[in-house]
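Data first, discussion second: the structure below is written as structure tokens.
The values are calculated or read from the model by the stated rules, or taken from the named source; none is laboratory data. Everything numeric here is computed off the predicted structure, so don't read it as measured data. Using ideal geometry, Cβ is built from the backbone for each residue, glycine included, and neighbour counts are taken over all protein chains shown. Protein only, heavy atoms only, side chains kept; ligands, DNA and RNA dropped before computing areas. Shrake-Rupley method; radii C 1.70, N 1.55, O 1.52, S 1.80 Å.
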Amino acid sequence: MRLSRYFLPTMKENPSEAQIVSHRLMLRAGMIRQSSAGIYSWLPLGLRVLRNIEQVVREEQDAMGCHEVLMPTIQPADLWRQSDRYDDYGPEMLRIKDRHDRDMLYGPTNEEQITEIFAGSVRSYKDLPQMLYHIQWKFRDEIRPRFGVMRGREFLMKDAYSFDLSVEDGRRSYNKFFLAYLKTYARLGLKAIPMAADTGPIGGDMSHEFLILADTGESEIACHRDYLEMDWSASDTGYDDDLQPVIDGFTSKYAATDEMRDAAAESALGDDLRTARGIEVGHIFFFGTKYSDKLGAKVAGPDGEEITVEMGSYGIGVSRLAGAIIEASHDDNGIIWPESIAPFKVGLINLKAGDEDCDAACDKAYADLRGKGVEVLYDDRNTRAGGKFADMDLIGLPWQLVIGPRGVKSGTVELKNRATGEREELSIESALTRLLV
Ligand code: ATP
Ligand code: MG
């Protein structure tokens, strides 16, 4: 993409409405614009990041055997009356009437909708287990929308649902999601710590929230210090392995969000206790027959008897992650994208646009990289070098390839790694080879 023709409205000044760094940087880098409180438009650069996060999440859901669907944003109120949640949900639910005066709502989540689909489509135990997910916008009329996309009113969520014949099978599905979440966050360059969460009336131990640590997190967490240094990637574990010991290994030590903190457990930890602030980036929850009972999701068992299916739901805050990743990865100059979700891999800076040799060298590097499938944002604008460096640092692409008239004469370019700040002068060929790995 040539920057001269792109839509990248960056800002030099810090917008006054933004209280935390990710919100500031997303506005300044031209990623998002606010429409109304907690509701945002995604501009080209931001949308590329959002799509990349979505794609990592999607690939990991697909890899674990979960199937993608797409349910609507608007749901009929009657569906929620069947589960008794229409009145209970309260003012967070955006309630709408259609032209026939029927009550509708903008979905804050999709348990009812997916259970209805399942109940109308699956008849036999032989079709279980089943796992379905979608990536869709949600609306929750949050009392205090804030921190940009981190606590929005309209936000993008991946929500998945599992259907099993027994609680024991339900645990197997739950463990698969647990593993998929570890793999997903690792690919996003995050250390997300699974913490036991409230299970409500269902009880048991099958509810975990995944939190990344950041000073701007809304939750005050406490955990064993080993968790701060832990390798969460779980890259050696496959879905056909016995997952219970693996999950137990990841959850054996103390880790609790503010609602779940336990003074006795914390004092027992002594010097090993650490407290920090955390951002919730995902939540997995087994809730048994809570919805299947009310919405009639039953299958015929092996002996023809009716069995109400056991369910769980599994959310990831896709749009929140865009902000959360910035909270975890930035410096004074701007964002530092992990390569897996960077909007472009390389920022190519032409230090003297209009200079014939310099233009020719840049155009060639741009064409070569694009020809090899590398995503490049080419700053071909006829503006000052200082501003170009500042913009490139601000938008945080992993690599900067800097080509100027002096280097062109001696056959060299500069390659800068945004994360480490390391710069290297090398031949254009070596630089291109480096960027192709
Ligand atoms: P929170 O405690 O932050 O309000 P929640 O418990 O209401 O979250 P879930 O219903 O479990 O959230 O939703 C799944 C995921 O969706 C959360 O882990 C979070 O990452 C994301 N999420 C929830 N609410 C919002 C919001 N208002 N804006 C952006 N992302 C959100
Ligand atoms: Mg909430």
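Some notes on this structure:
- In the range 184-222, the qualifying residues are those that are under 13 Å from MET260 (Cα atoms) and polar (S, T, N, Q), and the one that is nearest to ligand 1 (Cβ to nearest atom) is SER219.
- Applying the condition of being of a type outside the set (Asp, Glu) and surrounded by fewer than 24 Cβ atoms within 10 Å (Cβ to Cβ) to the range 319-334 and asking which residue is nearest to ligand 1 (Cβ to nearest atom) yields ALA328.
- Meeting the requirement of 3 or more residues that are of a type in the set (D, E, K, R), the helices (runs of 4 or more DSSP H) wholly within the range 50-131 are 85-88, 111-121.
- In the range 141-182, the residues that are charged (D, E, K, R), more than 16 Å from ligand 1 (Cβ to nearest atom) and buried (at least 19 other Cβ atoms within 10 Å of the Cβ): ASP164, ARG171, LYS176
- Taken across the range 71-78, residues that are surrounded by fewer than 13 Cβ atoms within 10 Å (Cβ to Cβ), within 15 Å of ligand 1 (Cβ to nearest atom) and of a type in the set (D, E, K, R) do not occur at all.
- Residue check, GLU425 of a type outside the set (Val, Ile, Thr) and free of Cβ contacts under 8 Å to residues at least 12 places away in the same chain: no
- Applying the criterion of being part of a helix (DSSP H, G or I) and closer than 21 Å to PRO201 by Cα to the residues of the range 244-289, the residue that is most open to solvent (accessible area, probe 1.4 Å) is GLU259.
- Checklist (1) in contact with a helix residue (DSSP H, G or I) (Cβ under 8 Å, 6 or more places away or on another chain); (2) crowded, with 19+ Cβ neighbours inside 10 Å; (3) closer than 23 Å to THR184 by Cβ applied to HIS23, failing item: (3)
- For the range 178-243, no strands (runs of 3 or more DSSP E) sit wholly inside it while including 1 or more residues that are free of Cβ contacts under 8 Å to residues at least 12 places away in the same chain and within 17 Å of ILE325 (Cα to Cα).
- Of all residues in the range 384-415, those satisfying the criterion of being closer than 29 Å to SER22 by Cβ, of a type outside the set (Asp, Glu) and open to solvent by 20 Å² or more (accessible area, probe 1.4 Å) are ARG384, ALA385, GLY386, GLY387, PHE389, ALA390, TRP399.
- Verdict on THR420 being farther than 22 Å from PRO44 by Cβ, of a type in the set (Val, Ile, Thr) and under 32 Å from the mean Cα position of the chain (by Cα): yes
- Taken together, the criteria place ARG24 among residues that are free of Cβ contacts under 8 Å to residues at least 12 places away in the same chain and either more than 16 Å from ligand 1 (Cβ to nearest atom) or touching a Gly at 6+ places or on another chain (Cβ under 9 Å) (or both).
- Residue count for the range 351-382, restricted to those that are surrounded by 14 or more Cβ atoms within 10 Å (Cβ to Cβ) and within 36 Å of the chain's Cα centre (by Cα): 16.
- Sole residue being within 16 Å of ligand 2 (Cβ to nearest atom), of a type in the set (D, E, K, R) and modelled with pLDDT of 95 or more, chosen from GLU280, GLU218: GLU280
- Checked against (1) more than 16 Å from ligand 2 (Cβ to nearest atom); (2) within 23 Å of MET311 (Cβ to Cβ); (3) open to solvent by less than 60 Å² (accessible area, probe 1.4 Å), ILE202 passes all but condition (3).
- Scanning the range 58-70 for residues that are out of contact with any helix residue (DSSP H, G or I) (no Cβ under 6 Å at 6 or more places or on another chain) and either open to solvent by less than 60 Å² (accessible area, probe 1.4 Å) or among the β-branched types (Val, Ile, Thr) (or both) gives ARG58, GLN61, GLY65, CYS66, VAL69.
- Among (1) open to solvent by less than 50 Å² (accessible area, probe 1.4 Å); (2) more than 26 Å from ILE326 (Cβ to Cβ); (3) not charged (D, E, K, R), the one test that ILE39 misses: (2)
- Residue match in the range 101-124 (condition: within 16 Å of ligand 1 (Cβ to nearest atom), surrounded by fewer than 18 Cβ atoms within 10 Å (Cβ to Cβ), without any contact (Cβ under 8 Å) to a residue 24 or more places away in the chain and not small (Gly, Ala, Ser)): no
- The listed residue being on the phi > 0 side of the Ramachandran plot, modelled with pLDDT of 95 or more and of a type outside the set (Phe, Trp, Tyr), out of GLY238, GLY270, GLY200: GLY270
- Lone unmet requirement of (1) within 16 Å of ligand 2 (Cβ to nearest atom); (2) open to solvent by less than 20 Å² (accessible area, probe 1.4 Å) for ASP88: (2)
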